[in-house]
Amino acid sequence: MLIYVDKAGTFGVQEKKLFLEKISESVASVLPVTLIIILICFTLIPVSTDIMLSFLLGALLLIVGIGLFTLGVDNAMLPVGTAIGTWMTKSKNLWLILPLSFFLGAAITIAEPDLQVLADITPHIHKTVLLVTVAVGVGFFLMVSMLRTYLGIKLKWLLAGFYVVVFILAAFADKNFLSVAFDSGGVTTGPITVPFIMALGVGAAMLRSDKNAAADSFGLIGLCSVGPIIAVLALSFIFKGDATTAENIVASYSDTIEISVSYLKAFPVYMLEVALALSPIFIFFLIFQLAVQRPKPAQFFRVLTGVIFTFVGLVLFLTGVNVGFSPLGTILGEELAGERLKFLLIPLAMVMGWVTVTAEPAV
């Protein structure tokens, strides 16, 4: 996907079409879940008008945020990721490939919105501790994955061996860390991690001419998903955390002004968080582009535009999730876990799983 600028410096018809395509994909991703939640609230679980209005505003921010984010990924993450993977493999220098893979895996994971959401709502592990632990796990296993691609090691033996380690650690790990560890593995299936890691794999496999080269560009996501699980399980043996429960994040608003103020207060907070999370990977992108690729001005502008779209999209996404979606999700979770409606947990989980996975951008 390319972004071009016309002579007047504005986006042309093709660029507007690409943006509308991404917004359409985002609507397909967010709208089904939103409609199901609205249906539940209007039939089974009543909520206050202010919470519902805040939720709808959050859904709107999610649609725009995911649309801008995926547009930015297409213009920055994918082309640069493929170029970096090709360049690393072409060097044939393991002392360059391995540490660089670790850094890229860790940096891209910290920027992953799925991990940011998970770290925000995990009560007994400090947010920074969890972010760093998961990032180290992904970084190490991206290093293992690139080594596998480079050497042509069979994926099945690596998966079998590492999952034996997972189950051994799980048998003795702190129970408060067990579920978080397996949830952490899901961050490698997020909308920023999947495109970048896949692009790295494709770039690394492009220089191999054997019959298994194309197939070996896959499997990186599967291997990298093991990393956070092992890392968080290992963390439970050295970091005990605390036994606090999740805070009640449900707020109430007396009028629409208070709703808008809550969003306006959240924007600068998430702008700072996203800037800190994205800065390592984008500084590296800038150095790589200028020192290695030396792109033409139009190509450099495309990547820079993708960076801006990614930043804005992530800010809107995190604000919409934490201010609009989370309060209503807390209410629904409490009610559905109660005696009156617990019979709906399994069928509702099936429906929610189906609609979310079929519309998932990473898939």
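Does Leu264 fit the bill of being part of a helix (DSSP H, G or I), at pLDDT 85 or above, over 19 Å from the mean Cα position of the chain (by Cα) and buried (at least 20 other Cβ atoms within 10 Å of the Cβ)? Please lay out each step first, then the result.
Details: part of a helix (DSSP H, G or I): yes; at pLDDT 85 or above: yes; over 19 Å from the mean Cα position of the chain (by Cα): yes; buried (at least 20 other Cβ atoms within 10 Å of the Cβ): no.
The answer is no for Leu264.
Before we move on, is Leu115 closer than 30 Å to Glu334 by Cα and touching a Leu at 6+ places or on another chain (Cβ under 9 Å)?
yes
What about Ile63, is it in contact with a helix residue (DSSP H, G or I) (Cβ under 9 Å, 6 or more places away or on another chain) and at pLDDT below 90?
For Ile63, the condition - in contact with a helix residue (DSSP H, G or I) (Cβ under 9 Å, 6 or more places away or on another chain) and at pLDDT below 90 - is not met.
Scanning for something part of a helix (DSSP H, G or I), within 24 Å of Ala119 (Cα to Cα) and touching a Gly at 6+ places or on another chain (Cβ under 6 Å), does the range 287-309 turn up at least one residue?
Scanning the range 287-309, I find at least one residue that is part of a helix (DSSP H, G or I), within 24 Å of Ala119 (Cα to Cα) and touching a Gly at 6+ places or on another chain (Cβ under 6 Å), so the answer is yes.
Would it be correct to say that Trp95 is without any contact (Cβ under 8 Å) to a residue 40 or more places away in the chain and not hydroxyl-bearing (Ser, Thr, Tyr)? Walk me through it before giving the result.
Working: without any contact (Cβ under 8 Å) to a residue 40 or more places away in the chain: yes; not hydroxyl-bearing (Ser, Thr, Tyr): yes.
When the stated conditions are applied, Trp95 passes them.
What number of residues in the range 133-157 are of a type in the set (A, V, I, L, M) and under 12 Å from Gly227 (Cα atoms)?
Residues meeting the conditions: 7.
Table: residues versus (1) closer than 28 Å to Ser254 by Cβ; (2) in contact with an Asp or Glu (Cβ under 8 Å, 6 or more places away or on another chain); (3) buried (at least 19 other Cβ atoms within 10 Å of the Cβ); (4) modelled with pLDDT of 90 or more.
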| position | (1), (2), (3), (4) |
| --- | --- |
| Gly12 | no, yes, no, no |
| Lys16 | no, no, no, no |
| Ser26 | no, no, yes, no |
| Ile38 | yes, no, no, yes |
| Ser54 | yes, no, yes, yes |
| Gly58 | yes, no, yes, yes |
| Gly67 | no, yes, yes, no |
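Each row is one residue, and each column tells you yes or no for (1) surrounded by 15 or more Cβ atoms within 10 Å (Cβ to Cβ); (2) touching a helix residue (DSSP H, G or I) at 6+ places or on another chain (Cβ under 9 Å); (3) without any contact (Cβ under 8 Å) to a residue 12 or more places away in the chain.
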{"site": "Ala277", "(1), (2), (3)": "yes, yes, no"}
{"site": "Phe282", "(1), (2), (3)": "yes, yes, no"}
{"site": "Phe300", "(1), (2), (3)": "yes, yes, yes"}
{"site": "Val312", "(1), (2), (3)": "yes, yes, no"}
{"site": "Phe317", "(1), (2), (3)": "yes, yes, no"}
{"site": "Pro327", "(1), (2), (3)": "yes, yes, no"}
{"site": "Leu336", "(1), (2), (3)": "yes, yes, no"}
{"site": "Glu339", "(1), (2), (3)": "no, no, yes"}
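Looking only at helices (runs of 4 or more DSSP H) that lie completely in the range 110-212, which have at least 2 residues being crowded, with 23+ Cβ neighbours inside 10 Å?
113-121, 127-151, 175-184, 193-205
The values are calculated or read from the model by the stated rules, or taken from the named source; none is laboratory data. If you're wondering where the values come from, they're calculated on a predicted model, not measured in any experiment. When we count neighbours, we look across all protein chains shown, and the Cβ atoms used for this are built from the backbone with ideal geometry, even at glycine.
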